[in-house]
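Structure first, commentary second.
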Amino acid sequence: MPHASEGTAAPTAPAASAATSAESAVETRGLEPVPDAERTGRVRELLPTWVAANISVLLLTMGAGLVVFNGLNFWQVLVVAIAAPLLSYGLVGLISIAGKRGGSPGMALSRAVFGQRGNLFPGTLIWVARWGWETINAVTGAYAVLTVLDLLFGVESSTALIVVVLLLFVAATFLVSGLGINALRVCSTWSTYLFGAFSVLVLVYLVVNTDWSAVFAKPAGSTAMMVAGIGTIAAGGISWVPSGPDFTRYLPRTASSRAVVATTVGGAGIVVLPMVLMGAVMAVGTPDLASAQDPVSFIGALLPGWISVPYLLIALIGMLLINSMSMYSAGFTAQTLGIRVGRAWAVSVNAVISLVFGFLLMVVATSFIGSFISFLTLLAVAFSAWIGVFGVDMLRRTSYDGAALMDTGRTSAYWYRGGFAWPAMAAWAIALVVGLLFTKVDWFAGPLAGSWIGANGLGWLVTAAVAAALYAVLPGARPTPGAPVPAGGEREPERVSG
């Protein structure tokens with residue numbers, strides 16, 4: 001499919017054909033909406049995308065944590081493993097519908113909701129949050145490489161080796177994400193097949209070698225811990241919600257919205273469910289894996305080499321893809337913040353950051369899983385405030401003004417008052433503060449963290465609900481696309497009731 005770089009005129013039909021041949025390998029389109037003629041994507045292509053987004057051995061560690069830390073039994077873990085992807089990737093699928101409506105990345109469409117200047121605030125927070133997610137994935141990928149080197153060649157980890165492995169992993173991530181959507185689709189499809197095949201092997205091995213009487217003899221934990229577990233597993237999916245439109249903007253406007261949601265949930269669910277259950281089963285015999293500093297090496301200890309080595313290599317590809325997808329979206333977010341470079345170069349900023357933070361996490365931090373859970377908790381709250389406001393706005397509009405999205409000046413239909421959509425900004429900020437009141441992590445505890453909501457890990461849900469409710473009832477302002485701009489330079493917004 002042809003791509004035009006941001007800020008250039010759309011090519012004519014012959015030029016577009018030439019661009020297709022010349023640029024098929026590298027996506028050069030930036031934030032600008034995809035023309036209808038280029039929207040040749042298919043909904044089924046979303047399936048391997050969201051499978052690849054969840055190919056991470058961290059799900060095994062998180063499944064183990066549900067047993068060790070939350071005290072859940074097998075059947076409670078099963079409920080968590082079903083409910084978490086339904087909830088989180090249901091939200092991803094719903095917000096993804098905006099991508100086919102507007103043809104732009106999620107954080108570019110967010111300009112229509114918060115205003116050209118207002119969007120910088122949630123955009124910056126989401127961009128910073130991606131640093132943590134990319135760091136976690138880079139570290140996990142590096143640990144996978146170190147484990148394989150140890151299993152195959154007996155090479156022990158060292159600071160120098162950690163630096164080299166991290167550098168290679170981040171460089172590979174930068175390469176794939178820099179190539180763009182086509183490369184991600186190809187890699188996602190093949191990794192889905194390979195990871196699926198080896199996951200079946202692991203599953204069969206566990207079925208045959210697990211002491212199932214010990215698994216089913218474990219007593220049930222509290223309902224509160226089960227609810228908190230749903231929130232912990234769902235947080236990973238929630239982090240993808242603002243990125244959902246990035247992967248649907250090449251779909252035709254007529255693509256089925258129901259199919260978008262169903263395919264998104266299905267792609268995530270067929271990975272999350274078995275991975276979390278496998279982690280829970282492994283934890284019954286090896287409870288230490290839930291708290292290990294290295295979240296990957298336990299696979300080499302629990303599985304025979306003929307399974308563990310290829311499984312880790314395939315998982316490594318999966319984690320590389322997760323990071324590539326995150327950096328792909330982060331590149332767009334950086335552009336919405338005014339970083340005036342191409343998407344591929346915008347990705348490089350996050351690559352460097354994940355390299356530095358990854359080194360600190362592997363060499364300096366004392367608890368990987370503690371840092372990871374704390375990060376997920378805060379990430380869910382940060383993203384939920386945006387989700388609540390953006391979701392309500394989606395219910396109010398069916399299309400986006402492409403020219404207004406790209407016009408960051410006073411002439412934009414999305415300039416609102418001084419560049420800010422104040423109702424959206426107020427709802428987002430208040431919800432963010434309220435959510436943090438109910439949140440507790442290793443190094444921070446809100447004053448209401450001990451309440452029923454806080455104890456059940458529902459701070460993120462309260463954040464989304466407060467943001468949505470406030471934005472729905474506050475007097476709103478929505479522009480009329482294409483309306484004339486007054487001489488003073490600010491468009492008078494159309495007033496609408498909540």
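The values are calculated or read from the model by the stated rules, or taken from the named source; none is laboratory data. If you're wondering where the values come from, they're calculated on a predicted model, not measured in any experiment. Quick reminder, even Gly has a Cβ in these numbers, built from the backbone with ideal geometry, and neighbours come from all protein chains shown. In case anyone asks, the SASA skips ligands and DNA or RNA and just uses the protein heavy atoms, side chains included. Shrake-Rupley method; radii C 1.70, N 1.55, O 1.52, S 1.80 Å.
Values for this structure:
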| item | result |
| --- | --- |
| Residue tally, condition assigned to a helix (DSSP H, G or I) and open to solvent by 30 Å² or more (accessible area, probe 1.4 Å), over the stretch 381-405 | 3 |
| Within the stretch 158-175, tally of residues that are surrounded by 16 or more Cβ atoms within 10 Å (Cβ to Cβ) and either modelled with pLDDT under 80 or among the polar types (S, T, N, Q) (or both) | 2 |
| Search result, residues across the stretch 297-322 that are open to solvent by less than 10 Å² (accessible area, probe 1.4 Å) and under 23 Å from VAL176 (Cα atoms) | TYR311, LEU312, ALA315, GLY318, MET319, LEU321, ILE322 |
| Within the stretch 406-423, considering residues that are within 29 Å of TRP460 (Cα to Cα) and not aromatic (Phe, Trp, Tyr), the one surrounded by the fewest Cβ atoms within 10 Å (Cβ to Cβ) | GLY419 |
| Residue among GLU45, GLU38, GLU27 that is open to solvent by less than 30 Å² (accessible area, probe 1.4 Å), acidic (Asp, Glu) and at pLDDT 90 or above | GLU38 |
| Close pairs from the stretch 63-74: first without any contact (Cβ under 8 Å) to a residue 12 or more places away in the chain, partner part of a loop (DSSP other than H, G, I, E, B) and not hydroxyl-bearing (Ser, Thr, Tyr), Cβ under 9 Å, at least 6 apart | none |
| Flag if THR223 is polar (S, T, N, Q), surrounded by fewer than 23 Cβ atoms within 10 Å (Cβ to Cβ) and out of contact with any Leu (no Cβ under 9 Å at 6 or more places or on another chain) | yes |
| Residue list for the stretch 441-459, restricted to those being modelled with pLDDT under 90, within 14 Å of LEU378 (Cβ to Cβ) and out of contact with any Gly (no Cβ under 7 Å at 6 or more places or on another chain) | VAL441, TRP443, PHE444 |
| Options GLY269, GLY244, GLY229; residue that is surrounded by 15 or more Cβ atoms within 10 Å (Cβ to Cβ) and touching a Pro at 6+ places or on another chain (Cβ under 7 Å) | GLY269 |
| Residues of the stretch 67-107 classified as touching a Gly at 6+ places or on another chain (Cβ under 6 Å), surrounded by 24 or more Cβ atoms within 10 Å (Cβ to Cβ) and not in a helix (DSSP H, G or I), total | 1 |
| The stretch 176-196, residues that are within 25 Å of LEU302 (Cα to Cα) and open to solvent by 60 Å² or more (accessible area, probe 1.4 Å) | TYR193, LEU194 |
| Filtered residues of the stretch 424-436 (kept if farther than 10 Å from VAL381 by Cβ and open to solvent by less than 60 Å² (accessible area, probe 1.4 Å)) | ALA424, MET425, ALA426, ALA427, TRP428, ALA429 |
| Complete set of residues in the stretch 165-204 that are over 20 Å from the mean Cα position of the chain (by Cα) and aromatic (Phe, Trp, Tyr) | TRP190, TYR193, PHE198 |
| Wholly enclosed helices (runs of 4 or more DSSP H) of the stretch 201-316 bearing at least 3 residues small (Gly, Ala, Ser) | 212-217, 223-238, 257-285 |
| Qualifying residue in the stretch 247-257 (condition: among the hydrophobic types (A, V, I, L, M, F, W, C) and out of contact with any Asp or Glu (no Cβ under 9 Å at 6 or more places or on another chain)) | yes |
| The one condition in (1) over 19 Å from the mean Cα position of the chain (by Cα); (2) surrounded by fewer than 24 Cβ atoms within 10 Å (Cβ to Cβ); (3) in contact (Cβ under 8 Å) with a residue 40 or more places away in the chain that ALA144 fails to fulfil | (2) |
| Among the candidates VAL200, VAL186, VAL215, residue that is farther than 15 Å from MET325 by Cβ and without any contact (Cβ under 8 Å) to a residue 24 or more places away in the chain | VAL200 |
| Where ALA344 falls short, out of the listed (1) out of contact with any Phe, Trp or Tyr (no Cβ under 9 Å at 6 or more places or on another chain); (2) open to solvent by less than 40 Å² (accessible area, probe 1.4 Å); (3) at pLDDT below 80 | (1) |
| Which numbered condition THR463 misses (of (1) more than 22 Å from LEU337 (Cα to Cα); (2) at pLDDT below 95) | (2) |
| Residue count, the stretch 50-64 (criterion: crowded, with 24+ Cβ neighbours inside 10 Å, under 21 Å from the mean Cα position of the chain (by Cα) and not in a loop (DSSP other than H, G, I, E, B)) | 8 |
| Among residues of the stretch 228-286, those that are free of Cβ contacts under 8 Å to residues at least 40 places away in the same chain and either basic (Lys, Arg) or in contact with a strand residue (DSSP E or B) (Cβ under 7 Å, 6 or more places away or on another chain) (or both), counted | 1 |
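Matching residues to (1) within 20 Å of ILE373 (Cα to Cα); (2) modelled with pLDDT of 80 or more; (3) in contact with a His (Cβ under 8 Å, 6 or more places away or on another chain):
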| site | (1), (2), (3) |
| --- | --- |
| ASP246 | no, yes, no |
| LEU251 | no, yes, no |
| GLY285 | no, no, no |
| ALA292 | yes, no, no |
| PRO310 | no, yes, no |
| TYR328 | no, yes, no |
